[in-house]
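The values are calculated or read from the model by the stated rules, or taken from the named source; none is laboratory data. As the structure is a computational prediction, the values presented were derived from the model and not from experiment. Cβ: placed from backbone, ideal geometry, glycine included. Neighbour counts: every protein chain shown.
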Ligand code: SF4
Ligand code: SF4
């Protein structure tokens, strides 16, 4: 028999004096790590199956459990790391493409952490957000530079459709299918309470959620799942997904096991059938073709909804964005290479694409240089982790930010990066009824509301500190940023000066 | 019936006139490449004189469209219900991702016909092609039926890569001498009487629409292509 080379990465440390053999961990772990040994009269663990999601740790009533990194190690080698060796064993055994989830975990530079924000001192005094009004209201959509008047001299409203947000933070696309009904419900409710938008992802819209339409972005991807006339008209905006930061250049694949009855209804495909979104839209091979899809959607929705085109941050993103801006899109969403996913081939997730910070700076500059920045709004996502990331993004030129991983963490995700297994112990990235019921939609939506409200407050404080009382005045205001520890070239691309300059 | 003259009008104008017409029946004259005609409509019968542009009947939701000439690319893109009848040929990506309704083409269809077509319960799409098709017919097909009738009894009626990634639905090819290679996701058999029963009503309807003899078509031999599995890519991955 062939030897199974899988070695556990984590150890379940169970404090025997605390463990009362209540077997709760056994019930809570969908990966079947814990079991009760009748002979030993004790709990035992099969650690090869542990994904380090901390469900058992949190649920253990006596705090007897912790998960620690295994100190089992290979002979040290800076080149052949444990992970490089183990993935070869894995692929040699299965012949499969490595599949993983969530965003790129590799130690690439995080430019947000190398950018510092300005504050006023003495001259141009700071503003106290507790006392003075601070405007975070954001409008997304194409702006028209010239004012038109009718024969009486009254202004004619020639503004294309806009999205109004109370704060420049939106929930980005996660499909029903990749995440659970309760997770979707929480996002929809939170977006409604907050006066912002969530995004259906490419899996269609569950009938129960049509009522949140005013706070919904409906997404259309190459697979066109669940797309119908009603769907197109259901939301406040329509997003065409051309790419995703976690897996630029490839499509989506929801395994048949996640296409349970309700998901099947929403996607409008049979139960148990794979939902495959091909890599390209097979009718889009050029900006002209993209324009065709943009305008077919505008026609079908009677020009009432802004159309967003979402692209992944790749090497030529600035040129691509310039093309997109000319395709008739009202908004461009750019997804950086650290953006999350429910499933992506590991090698693509970890090696394809570029950081959102550089992509955003390059796109904003390009569109300004070409004099078409007004034609589109820019939304950025792909690992926005806190309110200061948002301030920096807006100062680099973004109109608003998309958050998804942060939203999942707010709902209880522990970043075990195992969404693709379909057994999320936190009831988020799964369709198994025993697991999905672990997520209380109302409670989760309250947490999302808390998070976004707290971030909005922090944004106001930082704006006040800079002496800025409206988010509009921060947009593209790169003078408010300085780089730290960056090369000349990086500063040039980001369009900012070094700290001390 | 409202008559709309398309001469020297761009698509926004033509589509608006169609959309806002109070008549259920509209007839477009001098149509010349205007795109998106009928997009998302459900309550109209549109007759088109001339050649409409790309994305005719995109997201169609129940309307009927009849074209007296050929059509361009992406006819019936993501349509849900309704019928598009073309008295000529159609361009590439005919019926892209359509989920319901019928597209009947008198002559040939271009590349990627029926790509990503899917069915769901009462939504069941049908594409009937009178002549032959380009490459990538039924690529990623997930449901519904495509029939290539080969009315001129030609030898080569499909191009390369037919049914690549197919994981649902059926493709019928009217020929006894099938001259094509299929990918491993597809199994190809001679259609049984039972199989043909399934498409009989569409063939009769098609024959009626284009005034041809249904009996000849019903008594011919067909090859049927079906996917090997609803999960063609399952074993491709290993968890990391
Ligand atoms: S997979 Fe999660 S619940 Fe199971 S043992 Fe590991 S940490 Fe605990
Ligand atoms: S959503 Fe669930 S499976 Fe995915 S990383 Fe978070 S806790 Fe793990």
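Within the stretch A:380-418, how many residues are near ligand 2 (Cβ under 10 Å from one of its atoms) and more than 10 Å from the chain's Cα centre (by Cα)?
So the count comes out to 9.
State whether one or more residues within the stretch A:409-431 are at pLDDT 95 or above, more than 16 Å from ligand 1 (Cβ to nearest atom) and over 30 Å from residue B:239 (Cβ atoms).
Among the residues of the stretch A:409-431, not one is at pLDDT 95 or above, more than 16 Å from ligand 1 (Cβ to nearest atom) and over 30 Å from residue B:239 (Cβ atoms), which makes the answer no.
So, in the stretch A:35-63, exactly how many residues are part of a loop (DSSP other than H, G, I, E, B) and within 12 Å of ligand 1 (Cβ to nearest atom)?
Selection size over the stretch A:35-63: 7.
Look at the stretch A:104-138 and say how many of its residues are assigned to a loop (DSSP other than H, G, I, E, B), in contact (Cβ under 8 Å) with a residue 40 or more places away in the chain and away from chain B (no Cβ under 14 Å).
Here the count works out to 17.
So if I check each of B:11, B:36, which one is farther than 21 Å from residue B:112 by Cα, within 14 Å of chain A (Cβ to nearest Cβ) and buried (at least 18 other Cβ atoms within 10 Å of the Cβ)?
It is B:11.
If I ask for residues that are within 14 Å of chain B (Cβ to nearest Cβ) and either within 16 Å of ligand 2 (Cβ to nearest atom) or over 23 Å from residue A:141 (Cα atoms) (or both), which ones from the stretch A:178-203 would you list?
A:203, the sole residue that qualifies.
Within the stretch A:452-465, is even one residue more than 14 Å from chain B (Cβ to nearest Cβ), surrounded by 21 or more Cβ atoms within 10 Å (Cβ to Cβ) and within 16 Å of ligand 1 (Cβ to nearest atom)?
Within the stretch A:452-465, not a single residue is more than 14 Å from chain B (Cβ to nearest Cβ), surrounded by 21 or more Cβ atoms within 10 Å (Cβ to Cβ) and within 16 Å of ligand 1 (Cβ to nearest atom).
The rows are residues; the columns are (1) within 30 Å of residue B:116 (Cα to Cα); (2) within 16 Å of ligand 1 (Cβ to nearest atom); (3) touching a residue at least 24 places away in the same chain (Cβ under 8 Å).
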site	(1), (2), (3)
A:155	no, no, no
A:160	no, no, yes
A:164	no, no, yes
A:168	no, no, yes
A:173	yes, no, yes
A:199	yes, no, yes
A:214	yes, no, no
A:223	yes, no, yes
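Residue A:73 is checked against (1) within 11 Å of ligand 1 (Cβ to nearest atom); (2) part of a loop (DSSP other than H, G, I, E, B); (3) more than 30 Å from the chain's Cα centre (by Cα) and fails just one. What number does that condition carry?
Every listed condition holds for residue A:73 apart from (1).
Looking at (1) more than 16 Å from ligand 2 (Cβ to nearest atom); (2) touching a strand residue (DSSP E or B) at 6+ places or on another chain (Cβ under 6 Å), which is the only condition residue A:33 fails?
(1)
Counting just the residues of the stretch A:225-257 that are at the interface with chain B (Cβ under 10 Å from one of its Cβ atoms) and within 20 Å of the chain's Cα centre (by Cα), which one comes out surrounded by the most Cβ atoms within 10 Å (Cβ to Cβ)?
Filtering the stretch A:225-257 for residues that are at the interface with chain B (Cβ under 10 Å from one of its Cβ atoms) and within 20 Å of the chain's Cα centre (by Cα), the one surrounded by the most Cβ atoms within 10 Å (Cβ to Cβ) comes out as A:225.
Looking at the stretch A:344-377 only, could you name the residues that are on the phi > 0 side of the Ramachandran plot and surrounded by 24 or more Cβ atoms within 10 Å (Cβ to Cβ)?
Once the filter is applied, which keeps residues that are on the phi > 0 side of the Ramachandran plot and surrounded by 24 or more Cβ atoms within 10 Å (Cβ to Cβ), the stretch A:344-377 yields only A:353.
Which residues, taken from the stretch B:79-91, are within 11 Å of chain A (Cβ to nearest Cβ) and either modelled with pLDDT under 95 or within 23 Å of residue B:24 (Cβ to Cβ) (or both)?
If the condition is that a residue be within 11 Å of chain A (Cβ to nearest Cβ) and either modelled with pLDDT under 95 or within 23 Å of residue B:24 (Cβ to Cβ) (or both), then B:79, B:80, B:81, B:82 are the ones that fit.
Is there a residue being at pLDDT 95 or above, out of contact with any helix residue (DSSP H, G or I) (no Cβ under 7 Å at 6 or more places or on another chain), more than 9 Å from ligand 1 (Cβ to nearest atom) and assigned to a loop (DSSP other than H, G, I, E, B) anywhere in the stretch A:25-33?
No, the stretch A:25-33 contains no residue that is at pLDDT 95 or above, out of contact with any helix residue (DSSP H, G or I) (no Cβ under 7 Å at 6 or more places or on another chain), more than 9 Å from ligand 1 (Cβ to nearest atom) and assigned to a loop (DSSP other than H, G, I, E, B).
Being in a strand (DSSP E or B), over 32 Å from the mean Cα position of the chain (by Cα), more than 20 Å from residue A:420 (Cβ to Cβ) and more than 9 Å from ligand 1 (Cβ to nearest atom) is the requirement here; does residue A:5 meet it?
Taking the combined requirement at face value, the residue does not satisfy it.
Of all residues in the stretch A:78-99 being under 14 Å from residue A:346 (Cβ atoms) and in contact (Cβ under 8 Å) with a residue 60 or more places away in the chain, which is farthest from the other protein chains (Cβ to nearest Cβ)?
Among residues in the stretch A:78-99 that are under 14 Å from residue A:346 (Cβ atoms) and in contact (Cβ under 8 Å) with a residue 60 or more places away in the chain, the one farthest from the other protein chains (Cβ to nearest Cβ) is A:86.
If you go through the stretch B:20-39 one residue at a time, do you hit one that is touching a strand residue (DSSP E or B) at 6+ places or on another chain (Cβ under 6 Å) and under 19 Å from residue A:284 (Cα atoms)?
No, because not a single residue in the stretch B:20-39 is touching a strand residue (DSSP E or B) at 6+ places or on another chain (Cβ under 6 Å) and under 19 Å from residue A:284 (Cα atoms).
Scanning for something surrounded by 24 or more Cβ atoms within 10 Å (Cβ to Cβ) and closer than 26 Å to residue A:269 by Cα, does the stretch A:145-168 turn up at least one residue?
No.
Need a quick list: strands (runs of 3 or more DSSP E) entirely within the stretch B:172-240 having at least 2 residues that are surrounded by fewer than 15 Cβ atoms within 10 Å (Cβ to Cβ) and away from chain A (no Cβ under 14 Å).
The strands (runs of 3 or more DSSP E) meeting that bar are B:186-190.
Taking the stretch A:260-293 as the search range and keeping residues that are more than 9 Å from chain B (Cβ to nearest Cβ) and surrounded by 22 or more Cβ atoms within 10 Å (Cβ to Cβ), which one is nearest to residue A:366 (Cα to Cα)?
A:290
Would you point out which residue out of B:107, B:92, B:77 is within 29 Å of residue A:254 (Cβ to Cβ) and surrounded by fewer than 24 Cβ atoms within 10 Å (Cβ to Cβ)?
B:92 is the lone residue from the list that is within 29 Å of residue A:254 (Cβ to Cβ) and surrounded by fewer than 24 Cβ atoms within 10 Å (Cβ to Cβ).
On the basis of being in the same structural domain as residue A:73 (by TED's automatic domain parsing), touching a helix residue (DSSP H, G or I) at 6+ places or on another chain (Cβ under 8 Å) and either within 23 Å of residue A:413 (Cβ to Cβ) or modelled with pLDDT of 95 or more (or both), does residue A:55 make the cut?
yes
In the list A:8, A:61, which residue meets the criterion of being under 22 Å from residue A:412 (Cα atoms) and away from ligand 2 (no atom under 16 Å from the Cβ)?
Of A:8, A:61, the one residue that is under 22 Å from residue A:412 (Cα atoms) and away from ligand 2 (no atom under 16 Å from the Cβ) is A:61.
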